[in-house]
């Protein structure tokens, strides 16, 4: 298992990175970060990832 952190996760590139990594069977998203005003639960920032 490859543990992955994404810095700048609330932007377009962060969303695309999350999509790619969710399909990778060896990757595990362990940490997401962004600027404080953009932070929140992944589901709140990106509704398409709710329940994933």
Residue 1 and residue 30 label points (each 7 Å along its Cα→Cβ direction) are spaced in nm at 0.9 nm
With 0.36 nm assigned to each residue of separation and the Cα-Cα distance removed, residue 12 to residue 49 gains 12.0 nm
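Since every read-out is calculated from the coordinates, none of them should be taken as a lab result. Quick caveat, the model's predicted, so the values are computed rather than measured. A quick note on method: Cβ atoms are made from the backbone with ideal geometry, for glycine too, and the neighbour counts reach across all protein chains shown.
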